[in-house]
1. If I ask for residues that are under 21 Å from the mean Cα position of the chain (by Cα) and either modelled with pLDDT under 90 or closer than 16 Å to residue A:59 by Cβ (or both), which ones from region A:6-24 would you list?
2. Does at least one position in region B:358-381 carry a residue that is more than 14 Å from chain A (Cβ to nearest Cβ), in contact with a helix residue (DSSP H, G or I) (Cβ under 6 Å, 6 or more places away or on another chain), more than 30 Å from residue B:52 (Cα to Cα) and assigned to a helix (DSSP H, G or I)?
3. Among the residues of region B:121-168, which ones are buried (at least 19 other Cβ atoms within 10 Å of the Cβ) and part of a loop (DSSP other than H, G, I, E, B)?
4. Exactly one of these conditions fails for residue B:22: (1) within 11 Å of residue B:350 (Cα to Cα); (2) touching a helix residue (DSSP H, G or I) at 6+ places or on another chain (Cβ under 8 Å); (3) away from chain A (no Cβ under 14 Å). Give me its number.
5. If only one of B:110, B:127 is over 28 Å from the mean Cα position of the chain (by Cα) and closer than 15 Å to residue B:187 by Cα, which one is it?
6. Would a scan of region B:84-93 turn up a residue that is touching a strand residue (DSSP E or B) at 6+ places or on another chain (Cβ under 6 Å) and modelled with pLDDT under 75?
7. With B:224, B:254, B:180, B:207 as the choices, which residue is surrounded by 17 or more Cβ atoms within 10 Å (Cβ to Cβ) and within 23 Å of residue B:99 (Cα to Cα)?
8. In region A:119-137, how many are within 13 Å of chain B (Cβ to nearest Cβ) and out of contact with any helix residue (DSSP H, G or I) (no Cβ under 9 Å at 6 or more places or on another chain)?
């Protein structure tokens with residue numbers, strides 16, 4: 001736990017050149033520790049999405065370093081970076097990005113397919129992940145037949161299937177109504193709390209941000225403020241309507257199930 | 001991503017917009033179908049030629065005709081008259097005639113043991129024992145080597161014998177060619193002033209018609225042809241220069257001496273050909289025609305390949321977000337490229353399998369129908385219009401798959417180049 005799972009040093013991202021150049025990020029240096037929940041908060045255009053893309057290795061910085069588990073990744077080959085993304089990260093997007101032609105199970109197991117896991121193991125782990133999110137009965141449905149909340153749960157199952165170290169959630173509740181949002185939030189924070197997953201949430205929703213342990217407030221490509229400690233206003237996880245199981249009792253069981261996959265299994 | 005998964009995913013992707021895939025496959029199908037038919041046609045006719053000439057492989061004979069003058073087609077005006085040149089008749093090869101002197105030269109060439117020369121022999125009519133008179137013309141006596149015998153044998157070159165076409169059975173009121181063998185036939189040969197001399201000959205055999213054009217006219221023995229030619233010249237006033245259409249030279253140990261004999265004869269101004277060379281010329285011609293026809297089929301394939309490019313470009317555009325997601329979830333650009341080029345390859349595989357399958361079926365059914373006993377082309381012995389050439393079929397399959405792959409590279413490269421962030425933002 002000593003090395004931060006993600007750290008950046010003087011991270012700069014510039015779009016365009018010359019006088020038209022737009023400095024999206026102006027030299028950010030910070031760390032995200034293992035097991036932490038961090039919200040990147042800001043208005044649109046503040047650079048929060050750009051920052052997430054750089055942290056998630058989807059983009060390369062103009063200058064500066066992103067290090068994963070203490071190792072700089074900026075100079076790695078694209079293929080290696082793709083492999084790292086597949087094995088280390090889980091993604092939850094605002095627009096879900098589910099493939100409408102495929103079943104829920106096929107959608108959930110896509111990262112495993114990309115990783116080259118055999119079909120039987122894919123299905124086994126896919127069903128386990130769906131069960132964890134109480135979506136097992138929808139496994140054979142087409143992804144289009146689901147409600148928004150169900151879709152986002154499928155997305156979370158897909159993000160969890162590789163047993164990732166870091167879960168990136170880009171406006172995970174942006175397309176959901178308030179009640180569904182709360183359920184999804186509870187699931188995400190439940191995973192963070194129960195399984196020690198590092199959670200990086202990008203949002204402009206202050207209620208959601210408030211549930212994170214740390215908030216990086218961004219403005220004009222810079223972190224203008226850093227807040228720590230969960231805010232008082234939102235309900236704590238213990239009070240939340242249990243979407244991912246009872247808070248205390250099933251905890252060891254769930255954990256065992258997650259551990260069973262093993263970190264090496266994804267590669 | 002495993003190769004099997006890539007293939008399966010690519011396959012299910014091609015089935016996503018079935019109509020579009022189907023239309024693209026149709027275009028490939030047409031090309032594959034046409035290629036299969038043309039190559040099958042070439043293979044079938046070549047097989048026919050092989051079968052017809054196949055029995056004469058060990059013939060130790062080189063056929064000799066005069067060489068075509070290199071500048072024959074370029075000359076200005078007619079050549080000057082040469083009284084020693086052979087009679088100014090066409091041999092049927094478009095090459096002029098051999099003189100007696102030429103025959104001697106050929107005879108004196110090393111390794112040549114004997115020479116039979118083909119003379120031009122004209123007959124007026126043939127008459128059966130019953131008295132019926134029929135019009136006829138002799139085929140070349142030396143064509144006996146190319147003849148396909150239905151009954152009996154080809155005429156003995158030294159004897160007064162003749163082989164007649166199969167349909168002559170009708171003038172003997174029989175269906176069985178065997179009945180004709182041994183029958184006698186009277187040949188009426190005219191001389192220079194029109195007087196007829198009759199020669200009685202024995203029918204040695206009955207001939208099938210072959211694609212080489214042999215067997216539709218009676219083939220006389222060499223001796224009979226010479227006899228008739230002599231009669232033709234009787235009563236001719238003035239100098240007769242003997243002319244031969246062609247000479248057949250027996251060569252000792254042809255396999256070993258072929259090159260030497262051919263070189264010697266070529267130096268002397270002749271055009272020597274073995275039976276194999278003649279078959280070779282025929283097959284070269286068939287191959288050339290096959291290639292030309294295949295060329296048109298290839299043009300169809302080329303057009304079809306643009307269909308693949310178009311279909312996949314649309315597909316890449318439609319699936320931009322999906323590509324972005326796959327890349328974000330850790331699929332390498334190489335695998336994305338592989339996925340889309342695999343789709344192109346699968347379209348090629350589907351089109352070529354369908355085209356080759358239906359092409360083969362159509363070819364064999366049409367062949368069976370056309371060359372059936374009572375079919376439109378049923379009169380030729382041994383004729384097959386369509387043949388299976390596994391090598392060519394395999395080649396066609398690989399070629400189409402290769403073309404499909406190449407067509408897929410452009411859309412696949414475009415898919416592989418997509419930036420996941422841009423692609424996920426795409427609406």
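The values are calculated or read from the model by the stated rules, or taken from the named source; none is laboratory data. Computed from a predicted model, the values in this text were never measured in an experiment. Ideal geometry is used to build each Cβ from the backbone, glycine not excepted, and the neighbour counts take in all protein chains shown.
1. A:6, A:8, A:11
2. There is no residue in region B:358-381 that is more than 14 Å from chain A (Cβ to nearest Cβ), in contact with a helix residue (DSSP H, G or I) (Cβ under 6 Å, 6 or more places away or on another chain), more than 30 Å from residue B:52 (Cα to Cα) and assigned to a helix (DSSP H, G or I).
3. Across region B:121-168, the qualifying residues are B:121, B:123, B:136, B:138, B:139, B:140, B:147, B:154, B:155.
4. (2)
5. Matching residue, one of B:110, B:127: B:127.
6. Yes; the residues of region B:84-93 include at least one that is touching a strand residue (DSSP E or B) at 6+ places or on another chain (Cβ under 6 Å) and modelled with pLDDT under 75.
7. B:224
8. Matching residues across region A:119-137 total 1.
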